[in-house]
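The values are calculated or read from the model by the stated rules, or taken from the named source; none is laboratory data. Small disclaimer: the values here were computed from a predicted structure and weren't measured. For neighbour counting, all protein chains shown are included, and Cβ atoms are generated from backbone atoms with ideal geometry for every residue, glycine included. Note: areas computed on protein heavy atoms with side chains; ligands, DNA, RNA excluded. Shrake-Rupley method; radii C 1.70, N 1.55, O 1.52, S 1.80 Å.
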Amino acid sequence: MNSTVPTKNALLWLMLGLSLAALPHFSYQPMWVFVIFASMLGWRCMAIWHAWHLPSKQHRRMQWLHHSIAVLATVLLLTSYGNLIGRDAGVALLTVMLGLKVVEIRSSRDYYLSCFLGYFLVVTNFFYSQSIPNATLMFIVVTILTTCLISLNDAKQALNSRSQFKLASQMLLQAIPLMLLLFVLFPRISGPLWGLPTDAHSATTGIDNNMTLGKISQLIQSNEIAFRVKFNGQQPAQSELYWRGPVLWHSDGVTWTELDNETKSATLPNILNLGTTYNYTATLEAHNARWLFALDFPNALPLGIKAHFTQDGQLLSDDPLRQRQQYELSAHTQYRFNEDNNSYLADALQLPNNQHPRTQQLAQKWLQQTQLPLELVQLALTHFNQQDFYYTLSPPQLSGDTIDTFLFESRRGFCEHYAASFTILMRAAGVPTRIVTGYQGGEINPVDDFLVIRQRDAHAWTEVWVKGQGWIRIDPTAAVAKHRIDQGMNTIMPLNMRSPLMLSNSRQLAELWQTLRNNWDALDNSWNQWILAYGPELQKEFLSKLGMPSPNWQQMVIWLSVSLSIILLLISSLIFYQRKRLAPVIFLYQKFCNKFAVNRKASEGPIDFADRVKQLYPNNSAEIDRINKLYINLHYGNKSVSIDDLKQAIKTFKPPRI
Amino acid sequence: MPHTDITAILQSINTIILGKHQVTKLALTCLLAKGHLLIEDVPGVAKTTLAHTIANTLGLKFQRIQFTSDMLPADILGVSIFDRQTNTFNFHQGPIFTQLVLADEVNRATPRTQSALLEAMEERQVSIEGQTYRLPAPFFVIATQNPSTQIGTFPLPESQLDRFLMRLKIGYPDAEAERALLLGQDRRQLLEQLQAVISSDTLIELQKAASNIHIAPALVDYVQKLLAHTRESGIFHFGLSPRAGLALLHAAQSWALISGRQQVLPEDVQAVFPSVVNHRLNVRDEHSQSNAIEELLSEVAIP
């Protein structure tokens, strides 16, 4: 058998490894990438099991086919992505070409190349996801690819596939201390080394900078986590957990939008904080915009991130949030917001032209009863509360003048319906009002005591401005569904929206599901907090705790090299010690064997070796025989012979150099 | 001196069996280790002659049983016949009551007959109708077997193959030996003239001497490594049993005796290893059996 040609087993292992490495990519790459990759691997499999022809000099037609697929793939890549540079295009190129390469593997060199490209494909997976499942899958792939390298180097096929896999796993497990050391000590760089291509940040779900009726109720279908909060010490009541996001001022009758950027950051809000201080750390998932959702209302800018306040109280990061981000804040749930004056009251009274006539009529009717803003607010809330308004997660589709239709006909709505119609009513009555979007509530995970805020906790509420009291938060939804605010979204959600459909029939199963999910969330959270968040800051903190004074990269490199040397020294001394522990007879015999120009094979017995050596050193035959006999008697015989004779004989034995 | 006896035995055998020193040495090893021998090869390569030569040289009583498919156990073991005069059953011993049995073409007989022979081999006694008859000592069986690819054979199952200490293949003689054979005297005549070199008592002493050859712990380590490798490497369907390990040690002891040593060396184990294990191991892959066993020997390091 020619050892340079990879065996069937080696090829199958490689294809398994590559398929698993490419698997996560198929979910965000175009279909044809998968089709080409799969058909190329299929071709190779057919060649293995059904002797299909592979492209080669003997099979020109196959070669031609192979080349045309490669050209086709390049054309498809260019049409799909426009170029071959960038994260998505680059990864697609790697995937397709790796598939094509598999068909071409003829020698061990090709095989090595595909293996190493496979490792590279593993790395590209972390461009997209660094989650636990993905990391686990990639660990398995690395084990399989290592198995491939072993199987290629096992020309004699002394190991079967299972033992090869076992050996690969052992090797990787042995590498773990080294991996940990590099993880902890390798100098971290803030931000990516090179500019990530623009397509690296694709759309994520989350709160947007505008609102139309029905938008937030779409969001609440999502169980995705928006952010996590850990309170240090006291935690506010559930009904006080308002996490401020975009503040919406302007309405065209359908869509609500923010102030323009200039107006937004023209002045700073004037806040007077009262009552208890709550300190917390938030870990915000990437959402590509700038909002840092903060508990109303922070008393200072956050630690751990560069940010600023807008005049309507939003906390904005200086850079878009492309990565998971951690920040520390302290907040007071009681506060006064611009109590004396507010420069943009006109924006808070804006009404779309010639719209919502019936709503305006209702407001006029109320105006005849009272002129006081707070009484008007009360009238509106009572209206929502006393009339047959319903809070529902699936409001009917509204047509025509949506606010009028909602207020006077359907009367079934979600938080944004109540917030929007309340705002129109108040503005029509001359009370400055704005909509605040963000999240309300959250759910404590009993496993690790983190407060988890999900997309489904998205909420819209309002603020009215009253002279002398500033902006006051009014939540019209609370007038209709008080428990939504007091107990959180979880109590509103029907069981079948909180757990998979199959489990919703049984309470126990649904609860079990909840427990499992809590545990998984906690695990995922600690993964985020300890592994993925281990950047320059955390590294510095951790290393100074370990006793490294003012850690910098030079120091880290020194520590790294010192600890690496220590580990290697430990391993080599272990090996040395094991050799020392060999019976002295064997040790002596090894010394004897090492005196010759030829090596003793591991499976060669003493007589066979002596016979072989005597042919090379005919003049030393007698001496070799004598030593060999001593050794045999000592090691295999039953006579009590002194080891010193052997020691002496070997010491004085000096075969000539050949 | 045991060694002079052994040299004389081998010389005597080699005058009849030409150019097969290794095979005759292994065959003698097998007998000195009190093991039964299975010879597998095509007809006409002196399987029977070898058995006969060994019997004559060692001064053993010899019986040959030609196995056929219509043979019954009684044809081997013997029968009880009613004696009208004494009104009793008298046991008439079968051909197995001898010191060296040549079971020719053992795989031509039905499994029932085969197992009668193999039980007798194992127990070294015959039980018929509640009566136990001891077989003479020393007692050997040399069975010959045609390659199981030939038609009309009942291959011996693994459990019964295990009763044989060794399986040997004789193989064709080399050109020189074959020429000497073709030009020389008739082997049957030579056989008749062959004198016994030792008595069966001496043989028993030699067997005792073999079992007294020293086995050092270091050697047991090596044998255990070999056994472990057959079990763990995944090359074979099943690894070697402890009984096979014991067989290996016994065979290595008598090989060491024949080679004139007082202790077993790894070389002795290696010399007998293929013959002792090749009928007990089945290779998983398309490798040929002997290749796999040779490779196994070269892979296991001597501790």
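Dipole orientation for chain A: of the candidates A:Thr359, A:Ile140, A:His50, A:His50 has the Cα lying most toward the positive pole (charges on Cβ; Lys, Arg +1; Asp, Glu -1). Considering only protein heavy atoms and a probe of 1.4 Å, how much of the accessible area of the protein assembly as shown is carbon and sulfur, as a whole percent? The nonpolar share, carbon plus sulfur, comes to 56 percent. Percent of Cα-Cα pairs more than 12 Å apart in the stretch B:166-210, please. Considering the stretch B:166-210, 76 percent of its Cα-Cα pairs are separated by more than 12 Å.
Direction-averaged shadow area of the convex hull around the Cα atoms of chain B, nm²? Walk me through the numbers before you get to the answer.
Details: hull surface 71.7 nm².
If you wrap the Cα atoms of chain B in a convex hull and average its projections, you get 17.9 nm².
Projecting the alpha carbon convex hull of the stretch A:8-174 along each direction and taking the average yields 10.3 nm². In summary, the lysines within cross-link reach of A:Lys540, defined as a Cα separation below 30 angstrom excluding same-chain residues under 8 places away, comprise A:Lys230, A:Lys306.
Under a 1.4 angstrom probe, counting protein chains only, how are B:Cys30, A:Cys45 ranked by accessible area, largest first?
On the way: B:Cys30 0, A:Cys45 30 Å².
Solvent-accessible surface, decreasing: A:Cys45, B:Cys30.
Mind ranking B:Leu183, B:Leu18, A:Leu78 by accessible surface for me, highest first, 1.4 Å probe?
On the way: B:Leu183 135, B:Leu18 45, A:Leu78 80 Å².
So the residues, ranked largest to smallest area, are B:Leu183, A:Leu78, B:Leu18.
Normalised radius of gyration (Cα atoms, divided by 2.2 N^0.38 Å) for the stretch A:210-493: 0.96.
Expressed as a fraction of 2.2 N^0.38 Å, the rule-of-thumb size for a compact globular protein of N residues, what is the C-alpha radius of gyration of the stretch A:584-652? Provide the component values of the computation, followed by the final result.
Numbers: Rg = 11.3 Å, N = 69, 2.2 N^0.38 = 11.0 Å.
In units of the globular-protein estimate, the stretch A:584-652 measures up at 1.03.
Pull out the extension gain between A:Tyr390 and A:His53, defined as 0.36 nm times the separation in residues minus the alpha carbon to alpha carbon distance; nm, one decimal.
Result: 114.4 nm gained on full extension.
Just so you know, the Cα atoms of the protein assembly as shown work out to an Rg and Dmax of 45.2, 146 Å. When all protein chains stay in place and ligands, DNA and RNA are ignored, the 1.4 Å accessible-area order of A:Asp154, A:Asp260, largest first, is A:Asp260, A:Asp154. Relative to the longest principal axis of the Cα atoms of chain B, helix B:200-211 runs at roughly 30 degrees.
Measuring max minus min along each principal axis, the C-alpha atoms of the stretch A:368-480 give extents of 55, 39, 23 Å (largest first). Once Rg and the Kirkwood radius are both taken over the C-alpha atoms of the stretch A:533-658, their ratio Rg/Rh works out to 1.35. For the stretch A:409-451 and the stretch A:597-658, compute the distance between their C-alpha centroids and round to whole Å. Each part reduced to its Cα centre gives a spacing of 93 Å. At an R0 of 41 angstrom, the distance between the Cβ atoms of A:Val598 and A:Lys639 translates into a FRET efficiency of 0.90. Centroid-to-centroid, using Cα positions, the stretch A:116-175 and the stretch B:168-186 are 57 Å apart.
Counting only other residues whose beta carbon sits under 10 Å from that of B:Leu135, what net charge do I get with K and R as +1, D and E as -1? Residues close to B:Leu135 contribute a combined charge of +1. In terms of Cα atoms, the Rg and Dmax of the stretch B:213-299 work out to 12.7, 40 Å. With each label modelled as a point 7 angstrom along the Cα→C-beta vector, the B:Glu205-A:Ser573 pair spans 6.1 nm. The mean sequence distance of close C-alpha pairs (under 8 Å, at least 6 residues apart), as a share of the length of chain A, puts its relative contact order at 12 percent. Distance between the pseudo-spin-label points of A:Ser544 and B:Val42 (7 Å out from Cα toward the beta carbon): 8.8 nm.
Using heavy atoms of the protein chains and a probe of 1.4 Å, the accessible area assigned to A:Phe126 is about 70 Å². Mean projected area of the Cα convex hull of the stretch A:239-321, taken over all directions, amounts to 6.8 nm². Using a probe of 1.4 Å, the accessible surface attributed to A:Lys230 totals some 70 Å² when neighbouring protein chains are kept in position.
Relative contact order for the stretch B:2-198: 33 percent, from Cα pairs under 8 Å spaced at least 6 residues apart, divided by residue count. Label sites at A:Asp208 and B:Ala177, each approximated as a point 7 angstrom past Cα along Cα to Cβ, lie 9.3 nm apart. Treating r as the C-beta distance of A:Ser565 and A:Asp486 and R0 as 56 Å, the FRET efficiency rounds to 0.35. Relative to the Cα centre, the charge distribution of the protein assembly as shown, modelled as +1 at Lys and Arg Cβ and -1 at Asp and Glu Cβ, gives a dipole magnitude of about 2500 debye.
In this view, the solvent-accessible surface of A:Trp243, computed with a 1.4 Å probe and all protein chains in place, comes to about 0 Å².
Among the listed pairs A:Lys591/A:Lys614; A:Lys614/A:Lys654; A:Lys591/A:Lys654; A:Lys166/B:Lys225, which have their C-alpha atoms separated by more than 22 angstrom in this model?
Numbers: A:Lys591/A:Lys614 17 Å; A:Lys614/A:Lys654 14 Å; A:Lys591/A:Lys654 12 Å; A:Lys166/B:Lys225 20 Å.
Check vs 22 Å cut-off fails for no pair.
Loop-located trypsin sites (Lys or Arg not before Pro) in the stretch B:8-65 (DSSP state not H, G, I, E or B) with no more than 14 neighbouring Cβ atoms inside 10 Å: B:Lys61.
In chain A, the longest principal axis of the Cα atoms and the axis of helix A:621-635 are about 50 degrees apart. Distances between placed amide hydrogens fall under 5 Å for A:Phe450 paired with A:Asn445, all partners being 5 or more residues away or on another chain. With the charge dipole of the stretch A:210-493 set up from +1 on Lys and Arg Cβ and -1 on Asp and Glu Cβ about the Cα centre, the Cα lying farthest toward the positive end among the listed residues A:Ser330, A:Thr212, A:Trp243 is that of A:Thr212.
Given R₀ = 56 Å, FRET efficiency for A:Glu537-A:Leu509 by Cβ-Cβ distance, to 0.05? Could the numbers behind the result be given before it?
Numbers: r = 42 Å, r/R0 = 0.76.
Efficiency, rounded to the nearest 0.05: 0.85.
Highest mobility in the GNM of chain B, judged by mean-square fluctuation with C-alpha springs under 10 Å and restricted to B:Ala256, B:Ala292, B:Ala216, is found for B:Ala216. The charge dipole of the stretch A:584-652, taken about its Cα centre with unit charges on the Cβ atoms of Lys, Arg (+1), Asp and Glu (-1) only, comes to about 140 debye.
Annotation: extensible slack from A:Ser265 through A:Arg324 equals 18.7 nm (criterion: 0.36 nm per residue apart, minus Cα-Cα distance).
So what is the calculated 222 nm ellipticity per residue for chain A, using -39500 (n - 2.57) for each DSSP H run with n of 4 or more, over all residues, to the nearest 500 deg cm²/dmol?
Numbers: 25 runs with 320 residues, N = 658.
Roughly -15500 deg cm²/dmol at 222 nm, from the helical runs in chain A.
Other residues with beta-carbon under 10 Å from the beta-carbon of A:Asp312 carry, at +1 per Lys or Arg and -1 per Asp or Glu, a net charge of 0.
State to the nearest 20 debye the size of the charge dipole of the stretch A:210-493 about its Cα centre, where the only charges are +1 on K and R beta carbons and -1 on D and E beta carbons.
Details: 22 positive and 28 negative charges, 42 e Å.
Charge dipole, the stretch A:210-493, about its Cα centre: 200 debye, nearest 20.
Taking K and R as +1 and D and E as -1, what net charge do the other residues with C-beta under 15 Å from the C-beta of A:Thr333 add up to? Charge balance near A:Thr333 sits at -2.
Over the stretch B:113-242, the hull volume per residue, using the convex hull of the C-alpha atoms, is 251 Å³.
The long axis of helix B:289-299 is offset from the longest Cα principal axis of chain B by roughly 40 degrees.
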